[in-house]
1. Taking Arg203, is it out of contact with any Lys or Arg (no Cβ under 9 Å at 6 or more places or on another chain), under 14 Å from Asn102 (Cβ atoms) and surrounded by 19 or more Cβ atoms within 10 Å (Cβ to Cβ)?
2. Counting only residues that are crowded, with 17+ Cβ neighbours inside 10 Å and at pLDDT below 90, give me the strands (runs of 3 or more DSSP E) lying completely in the stretch 33-102 with at least 2 of them.
3. Select from the stretch 141-155 the residues that are within 24 Å of the chain's Cα centre (by Cα) and over 17 Å from Thr175 (Cα atoms) and list them in ascending order.
4. Does Thr130 satisfy the condition of being surrounded by fewer than 21 Cβ atoms within 10 Å (Cβ to Cβ) and in contact (Cβ under 8 Å) with a residue 24 or more places away in the chain?
5. So in the stretch 249-258, with the set limited to residues that are in a loop (DSSP other than H, G, I, E, B) and of a type in the set (A, V, I, L, M, F, W, C), which one is farthest from Phe142 (Cα to Cα)?
Amino acid sequence: MKRKSLFLLMPALSLILIPAFFNFFGAQAQTPTPQKSPTPTPTPVEDEGTITIETELVNLNVRVIDRNNRPINSLRKDDFRVFEDNVPQEIEAFSKAEVPTNYALVIDNSGSLRMQLDKVIEASKIIINTNKPDDETSVIRFVDSENIEIAQEFTSNKSDLTDALDNLYIQGGQTAIIDAVYLAAQRVDEYEKSRNPNDKKRRALILVSDGEDRDSFYNEQQLFELLRESEVQIYAIGFVNELSKEGGFISKSPQTKAKNFLERLAKETGGKVYFPNMLSELNGIASDIASELRTQYLISYYPTNTEKDGSFRTIKVNVTDGPNKEKRIALTRSGRKANTDSKPTISNQKPQ
């Protein structure tokens, strides 16, 4: 508007400006325009101007023992090194304080435990009686694939848990230990996810069985794939002595197979396995499990590999040697399955 006013009011001045005007824009038209680099896709930004990056925090429950399997409970953050797929990870959070635990007692009620059940119930009560106020426990009984029952939902009420244990009974059927562990681990994870995400608790299973699977719907591969996605530790008590030691020319004996299975459950989840030779050992085992659940280190890290491809990532934790080069051994889960991008969902919002 200002240029137009000057043109109308000052004709003489316009005679000077017009040639300059055309010379200027003519020169501009002959100057090549620089090529622009492709504009990146805008990233959603919050109102405060910060970019939110979704990263999965990995939590590890770590037990540390010496060569004689004695726990070491006086370590510091600087004593630990965490590796994922052999790549060092920065420890985000570290704690050696007692963490409340949600755990399920998963007890075989098939005929193979007929002689041990009373003693198993007694040992289970010892574990329950060590519960702290914030601990929650569930009781699951299993026989075959169609008889896997929640005898008591998660609760901190010790009387309810004791009643559930007293009501366990032996029943005939083909033992489905893989199915029982699969469904129990699922149940522990689902219960943890249903709670306040800021109120983190340790997750565990205490499995009591002879370890021999006779008729499960799921197979071992499916079970261990599920366990790699969860943070559930498994403590197993295996009554394997009554199983046959006779194997075939190629196949392993039922006892060897059962022991290998229970040992793998414990090793891959960072738990522990016990093979009692006498029923009198159960009370000591129960006390040891109760102690193990509460004398661990909680280590958290954000993985350097942020790909959400669902791949399996190996995890290793190293601990510095103690005085006089005392060997310290860190026990935790063998790895994790990376998250995958979330699938699209349909919103159920009503129109405004």
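1. yes
2. Those strands (runs of 3 or more DSSP E) span 58-65.
3. Across the stretch 141-155, the qualifying residues are Gln152, Glu153, Phe154, Thr155.
4. So Thr130 passes the test.
5. Of all residues in the stretch 249-258, those in a loop (DSSP other than H, G, I, E, B) come to 249-253.
Narrowing further to those that are of a type in the set (A, V, I, L, M, F, W, C): 249-250.
Working: Phe249: 32, Ile250: 31 Å.
Only one residue tops the list, namely Phe249.
Okay, residues lined up against (1) within 22 Å of Arg333 (Cβ to Cβ); (2) of a type in the set (A, V, I, L, M, F, W, C); (3) out of contact with any helix residue (DSSP H, G or I) (no Cβ under 7 Å at 6 or more places or on another chain):
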residue	(1), (2), (3)
Asp135	yes, no, yes
Glu153	no, no, yes
Ser156	no, no, yes
Thr175	no, no, no
Val188	yes, yes, yes
Arg195	yes, no, yes
Phe217	no, yes, no
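The values are calculated or read from the model by the stated rules, or taken from the named source; none is laboratory data. Owing to the predicted nature of the structure, the values given are computational and were not obtained by experimental measurement. FYI the Cβ positions are ideal-geometry reconstructions off the backbone, even for glycines, and counts take in every protein chain you see.
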